[in-house]
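Below is one structure, written out as structure tokens; the observations come after it.
Readers should treat all values here as calculations from the given coordinates under stated rules, not as data from a laboratory. Just so it is clear, the model here is predicted, and its values are computed rather than measured. Here Cβ is always computed from backbone atoms with ideal geometry, including for glycine, and neighbour counts include all displayed protein chains.
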Amino acid sequence: MISWILITIIAHFLNATVYIIDKHIVSNTTLKPVAYTFYSGVFQILFIALIPIIGFTMPKTEFFILGILNGALFILALLIFYKALRLSEASRVIPVVGATIPIFTVIISYFILGEFLAVKQFLAFSFFIIGGFLLSSRLDHGHFKMIKGFLLATVAGFLFALYYTLIKYLYLHLSFFDGFILFQIGGFVGAIFLLVSKNNREKIFSTPKTIKKGTAYLFVPNKILAATAAIMIFYAISIEGSTVSIINSLQSIQYVFILFFAIILSKKLPNLYKEQINKKVIMRKIIAMIIIGIGLFII
């Protein structure tokens, strides 16, 4: 129990770092969300280089197809997430995604995995909803105002929930590494499909000419961090006895790291991270994180 929870928490810390860098790359450069998604996905094919070292067993046709489709689903979720991230602050978009993922996961896992929620688990998710609302909303003149990209962030949350639930389902039938390779190939396939649109091709292939060197240097280490976090999440999900709903619920810990990063970077690099930071905002976010923490404790 402790091992897969600890692995998940470390992975979410890495993801918090990744998302902050994503925010900079997507919002403060000429790099379009579709181009960033494409390059994030297309390089996943490099993981097949591990096959001669670790080996790969061809799964049954239905699991092979589902694994590929699930990897492509991640690319779609990533694209929508980056579009939402471009519209609003990282410390607001990510909590919306993070709050909706466990809620959708509970519903989806019921139909796919046959997982049931007890009364206390429903209570826990009500705390997630309240906490997610407080984290993602903006208070203007005493009235709550939802962030730009709220709908996109919610859709991304649903797609990520479906993606992680299908990972758990596939790991009931596949080994860890076989499943991991399938998801990477699927990510590559999903990225290639982005090229079908002429508009997408223009944005993607114009990227090397317009991207700044500083951003290019950030891309590779950021993708290494993202890959490391993904491997840790996959491994935690694959462990027998782990619960995908709890793993997704632990995304709440990301908010602590993201808020910490946002405060520091808003002061040090105000031109890069223009987060709305003041005592009232910080207090509301702390209260929201406490509420989410209570939900996590209940579940």
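Packing order of peptides 107-114, 76-83, highest average first: 76-83, 107-114 (average count of other Cβ atoms within 10 Å over each peptide's residues).
Model label sites at I224 and V196, defined 7 Å from Cα along the beta-carbon direction, differ in position by 3.5 nm. Once you have all Cα-Cα distances for the range 1-85, histogram them in 5 Å bins from zero and send the whole-percent values. Histogramming the range 1-85 at 5 Å steps yields 3, 11, 15, 17, 19, 18, 11, 5, 1 percent. Close amide-amide hydrogen proximity is noted between F56 and no other residue 5 or more places distant or on a separate chain, at a cut-off under 5 Å (H modeled in the peptide plane; Pro and chain starts excluded). In sequence order, the range 180-197 has phi-based couplings of 4, 4, 4, 5, 6, 5, x, x, 5, 4, x, 5, 4, 5, 5, 6, 4, 7 Hz under the Karplus curve 6.51 cos²θ - 1.76 cosθ + 1.60, θ = phi - 60°, and Gly or Pro positions carry x. The calculated FRET efficiency for the pair I107 and I264, based on their C-beta separation and a Förster distance of 30 Å, comes to about 0.25.
In order along the range 162-177, the Karplus-derived 3J(HN,Hα) couplings, from 6.51 cos²θ - 1.76 cosθ + 1.60 at θ = phi - 60°, round to 5, 4, 5, 5, 5, 4, 4, 4, 5, 6, 6, 10, 10, 6, 4, 5 Hz, and Gly and Pro are given as x. Counted by neighbouring Cβ atoms within 10 Å, the residues R86, R201 run from fewest to most as R201, R86. Averaged over residues, the count of other Cβ atoms within 10 Å places the peptides 286-295, 50-59, 97-106 in the sequence 97-106, 286-295, 50-59, highest first.
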